[in-house]
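Take a look at the structure below.
The values are calculated or read from the model by the stated rules, or taken from the named source; none is laboratory data. The model shown is predicted, which means the values in this text are computed figures rather than measured ones. Cβ sites come from the backbone with ideal geometry, for glycine too, and all protein chains shown count toward neighbours. Only protein heavy atoms, including side chains, enter the accessible area calculation; ligands, DNA and RNA are left aside. Shrake-Rupley method; radii C 1.70, N 1.55, O 1.52, S 1.80 Å.
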Amino acid sequence: ALYTHPSDLPQKNYDFIVVGSGAGGGAVASRLSEVSGVNVLVIEAGINVDGVIPTEVPFLGPSLIGTPFDWNFTTTPQTGLDGRSILYSRGFALGGSTSIHFMVYTRGSQDDFDRWANVTGDSGWSWQALQPYFKKMEKLVTPADNHNTTGELVTSLHGDSGPLSVSLPGFPLVTDSKVIGATSDLPAQFPFNEDMNSGNTIGIGWVQYTIDNGERASSYTAYIKPALARSNFDVLINTRVTKVIQTGNESGVPIFRGVQFAPSSSGPFYSLNATKEVILSAGAVQTPQILLLSGIGSSKDLQPLGINTIVDNPNVGTNFQDHALLSSPFTVNTTAQTTFDAIGQNATFAGELLSQWQSSRTGEFVLGPANQLGWLRLPSNASIFDNTTDPSAGPTSGHYELIFTDGFVSFAVPSPSSGQFFSLFTNVVSPSSRGTIKLNTTSPFDAPLIDPGLLSSDFDIFTMREAIKAGKQFLGAKSFDGFILEPFGAFADAVTDDQIEAYARNFTTTVWHPTCSASMTARNSSQGVLNPDLTVKGTVGLRVVDASAFPFVTASHPQTAVYVLAERAADLIKADYASNATQDPSSSTSKPNAATGVSSGSDTMLIGSLLATLMTYVFLH
Ligand SMILES: Cc1cc2nc3c(=O)[nH]c(=O)nc-3n(C[C@H](O)[C@H](O)[C@H](O)COP(=O)(O)OP(=O)(O)OC[C@H]3O[C@@H](n4cnc5c(N)ncnc54)[C@H](O)[C@@H]3O)c2cc1C
């Protein structure tokens with residue numbers, strides 16, 4: 001059942017307490033609750049999304065940025081971005097970031113996962129070994145417009161009965177034939193890739209989305225909602241886990257089967273113990289924050305804050321990786337108005353499209369941000385490789401991504417109120433930059449210090465620069481003749497290499513792919529935070545199942561890799577407890593205890609007024 005306040009929780013022994021309901025938490029919790037008699041509780045800080053239209057309408061996904069469905073974090077000043085701090089969105093919602101994200105469904109490359117297997121010493125993370133899980137999670141469905149998808153993806157690569165629906169774009173754009181045509185014009189540099197989820201990502205092709213019948217498919221809709229019917233599955237929203245609690249020792253190793261949680265900073269504070277495990281799935285920003293608040297981290301950092309170090313591991317919150325994203329607009333010449341511009345500039349048209357979506361789940365509002373994208377590599381003789389090792393996983397991984405959007409879309413500057421545009425997104429997908437997550441204060445209700453280190457390495461700024469140049473070459477193909485006019489705004493002045501780099505540092509943001517901040521490494525390695533089975537090194541009863549566990553960010557949009565990690569994690573956990581796992585004798589079986597009696601404020605909002613705010617937002621931006 002779904003609960004909205006800790007005091008409503010039923011009296012139950014929870015075998016597993018999962019912190020966070022995003023891609024990792026939703027999937028692992030739902031799978032664990034398949035075992036009858038195993039009680040699972042998910043504790044989610046964020047708010048309900050039921051009936052919230054912008055979380056359902058694919059096209060309105062971007063309108064959720066900066067709203068109450070977003071944690072609205074800000075990064076530390078980024079040296080690679082000329083000292084700018086940028087908005088760092090994460091989903092504050094049932095379903096986590098998958099309830100607000102852009103739904104692009106890319107698995108990553110064979111080399112990405114084979115590298116995971118190599119660094120962890122666990123062949124179960126290899127591309128080949130994960131194939132059953134990629135298929136198990138997925139249900140390939142027809143696009144919203146039921147068009148013939150021959151040549152747009154390879155059906156046999158996909159699952160047909162998993163919880164997560166995947167489909168191709170369900171509305172045609174005038175730019176579709178131009179982008180696909182350009183892959184024929186310039187096949188050597190920009191090959192067509194019929195299905196970038198085959199293990200070889202290289203090339204340009206059609207985007208697959210987690211969209212089902214014109215609606216967003218999220219961790220909530222795919223995994224959590226169906227499981228809520230089970231009597232052994234509970235979800236508590238509006239409630240923040242403030243730390244994990246040591247509940248004992250096993251052969252001198254601390255056991256962490258307790259969680260403390262509260263609906264607001266003023267309490268009341270509750271605690272509850274899992275009989276089997278606590279699973280942290282709070283995402284790559286907050287999983288390390290919770291570990292640090294719980295005394296699992298670098299004693300050098302924790303001591304000055306007055307936090308007692310229980311497990312001294314300096315790797316917690318390090319190795320943080322993200323993808324740097326830049327949008328570069330071009331003016332275009334077209335009689336058919338470009339999609340994003342028409343919607344952004346004409347509220348009446350947008351209203352009509354919303355009505356169309358509501359009545360038939362068709363039209364432009366079934367679309368994600370682009371119908372095509374591609375993954376490309378720098379030439380092997382690129383000058384950067386004279387003194388830098390290639391940070392990519394191998395030849396099936398891109399160094400950069402190009403995304404093609406039919407209209408003006410930018411996360412750095414506001415959209416112009418008139419004009420017709422085409423946006424080229426460039427994304428550094430195999431970065432060598434590394435960042436950190438550190439505590440700012442000891443309050444779990446304060447944001448941590450988030451430093452994704454965007455464009456902080458020579459390789460990354462070089463790659464961003466070359467990606468922009470490659471993108472311009474692609475848009476110079478014959479298929480774009482007479483359509484693309486010229487670079488717009490500050491992009492128009494970015495001509496020489498130095499100017500392009502300056503432009504990139506000035507306007508790059510993130511594509512919100514934080515990962516690797518509690519990485520898994522080999523079992524006997526002193527590096528990293530997790531063992532290859534995702535248990536936290538130096539602890540008993542505590543695991544991490546989310547994007548922070550990645551050893552390297554995949555050269556992809558990472559939701560699929562998080563889901564696949566969670567699918568395998570569920571089987572690893574089920575196997576552990578099928579074979580008579582030892583139990584912590586201190587595990588509590590009681591109703592949660594309120595440690596303080598202060599009652600909390602309510603997060604309840606009038607959905608009507610929220611929707612109005614969201615719609616205004618999307619129309620204005
Ligand atoms: C704007 C945006 C667009 C994106 N677009 C795409 C895309 O198109 N394709 C793609 O593949 N990926 C995309 N991503 C990334 C993708 O959403 C994430 O990689 C994925 O959701 C990560 O899963 P996770 O489980 O690690 O974390 P999340 O999905 O972020 O889930 C973490 C959950 O933990 C909760 N939580 C955090 N702290 C606490 C606490 N203390 N107590 C209780 N709960 C807590 C959060 O509220 C959240 O619900 C996007 C992300 C964003 C923000």
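Based only on Cα atoms, what Rg/Rh ratio does segment 246-306 have, Rh being taken as Kirkwood's radius?
Details: Rg = 12.9 Å, Rh = 13.2 Å.
That ratio is 0.98, to two decimals.
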Order 3-12, 177-186 from most to least packed using the mean count of other Cβ atoms within 10 Å. 177-186, 3-12
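Taking the Cβ of Gly124 as the centre, find all other residues whose Cβ is under 11 Å away and add up their charges (Lys, Arg: +1; Asp, Glu: -1).
Working: positive: Arg568; negative: Asp122, Asp533, Asp571.
It works out to a net charge of -2.
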On the accessible surface of the chain, probed at 1.4 Å with all protein chains in place, carbon and sulfur together account for a percent value of 51 percent
Spin-label model distance (nm) - Thr309 vs Ala229, 7 Å beyond Cα toward Cβ: 5.1 nm
When the Debye formula is applied to the Cα atoms of the chain, each taken as the same point scatterer, what base-10 log of I(q)/I(0) results at q = 0.05, 0.09, 0.11 Å⁻¹? -0.20, -0.68, -1.03
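Stick to the Cα atoms of segment 196-279, pair each with every other, and give me the Kirkwood hydrodynamic radius in Å at one decimal. Please report the intermediate quantities before stating the final value.
Working: mean 1/r = 0.0588 Å⁻¹.
Kirkwood radius, segment 196-279: 17.0 Å.
Output the relative contact order of the chain, whole-number percent, from Cα pairs under 8 angstrom with separation of 6+ residues.
Here the relative contact order equals 23 percent.
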For the pair Ser264 and Ala129, the simple spin-label estimate (label points 7 Å beyond Cα toward Cβ) gives in nm 4.7 nm
Once the Cα atoms of helix 110-120 and of the chain are each reduced to a long axis, what angle between those two axes, in degrees from 0 to 90 to the nearest 10, is obtained? 30 degrees
For segment 340-382, what is the Kirkwood hydrodynamic radius in Å, using each pair of distinct C-alpha atoms? 12.8 Å
Using a ≥ b ≥ c from the Cα gyration tensor of segment 80-222 (square roots of the eigenvalues), is it rounded, prolate or oblate, where a/c under 1.5 gives rounded and otherwise the larger of a/b and b/c decides, a/b for prolate? rounded
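Rounded if a/c is under 1.5, else prolate if a/b is larger than b/c, else oblate: which is segment 1-155, with a ≥ b ≥ c the root eigenvalues of its Cα gyration tensor?
Working: a/c = 1.28, a/b = 1.07, b/c = 1.20.
Verdict is rounded for segment 1-155.
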What is the angle, in °, between the Cα long axis of helix 176-185 and the longest principal axis of the Cα atoms in the chain? Nearest 10 is fine, range 0 to 90. 70 degrees
Taking placed amide H atoms and a strict 5 Å upper bound, the residues 5 or more places from Val42 or on another chain that come that close are Val18, Asp234, Val235, Leu236
Simple label model, 7 Å out from Cα along Cβ direction - Asp8 to Phe349, nm: 4.2 nm
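Taking the Cα centre of the chain as the origin, how large is its charge dipole in debye, to the nearest 20, when only Lys and Arg (+1) and Asp and Glu (-1) carry charge on their Cβ atoms? The partial results should precede the final answer.
Details: 33 positive and 53 negative charges, 265 e Å.
The calculation lands at about 1280 debye.
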Stretch Lys300-Asn72 to full length: gain in nm at 0.36 nm per residue minus the Cα-Cα span? 79.2 nm
Separation of segment 127-149 and segment 278-340 by C-alpha centroid, Å? 29 Å
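Looking at segment 1-90 from every direction and averaging, what is the projected area of its Cα convex hull in nm²?
Details: hull surface 33.7 nm².
Result: 8.4 nm².
Reported to two decimal places, what Rg/Rh ratio describes segment 376-450 when computed on Cα atoms with Rh from the Kirkwood expression?
Numbers: Rg = 18.5 Å, Rh = 16.3 Å.
That ratio equals 1.14.
My understanding is that a pair violates if its Cα-Cα distance is over 21 Å; which of Lys225/Lys537; Lys136/Lys574; Lys243/Lys537 do that in this structure?
Beyond 21 Å: Lys225/Lys537.
Probe of 1.4 angstrom, ligands and nucleic acids ignored: what's the accessible area per residue over the chain, in square angstrom?
Numbers: 21330 Å² over 621 residues.
Here the residues of the chain average 34 Å² of exposed surface.
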Honestly segment 124-205 on the Cα gyration tensor test (a ≥ b ≥ c root eigenvalues; a/c under 1.5 rounded, otherwise a/b vs b/c for prolate or oblate) is just oblate
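How long is the gain from Thr150 to Ala492 if the chain were fully straight, where each residue apart is worth 0.36 nm and the alpha carbon distance is subtracted?
On the way: separation 342, 0.36 × 342 = 123.12 nm, distance 3.82 nm.
Gain on extension, Thr150 to Ala492, equals 119.3 nm.
With only Lys, Arg, Asp and Glu charged, each at its Cβ (+1 for the first two, -1 for the last two), find how big the charge dipole of segment 49-193 is about the Cα centre; round to the nearest 20 debye. Intermediate results must be reported in sequence, preceding the final value.
On the way: 8 positive and 14 negative charges, 34 e Å.
With only Lys, Arg, Asp and Glu charged at Cβ, the dipole is about 160 debye.
Given the Cα atoms of segment 138-278, and with Rh set as the inverse mean 1/r over their pairs in the Kirkwood sense, what is Rg to Rh to two decimals? It would help to have the intermediate numbers written out before the result.
Working: Rg = 23.1 Å, Rh = 19.4 Å.
A ratio of 1.19.
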Which whole-number percent of Cα pairs in segment 73-136 have a distance greater than 20 Å? 57 percent
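Express as a percent, rounded to the nearest 5, the fraction of DSSP beta bridges in the chain (both residues included) that run antiparallel.
Details: 58 of 85 bridges.
Within the chain, antiparallel bridges account for around 70 percent of the total.
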Relative contact order of segment 252-372, please, whole-number percent, based on alpha carbon pairs below 8 angstrom and at least 6 residues apart. 12 percent
Relative contact order for segment 35-89, counting Cα pairs under 8 Å that sit 6 or more residues apart, in percent: 22 percent
The farthest towards the positive end of the charge dipole of the chain, of the residues Ser177, Gly363, Leu87, given +1 on Cβ of Lys and Arg and -1 on Cβ of Asp and Glu, is Leu87
Descending packing, highest mean Cβ count within 10 Å first, for 380-387, 553-560, 164-171 is 553-560, 164-171, 380-387
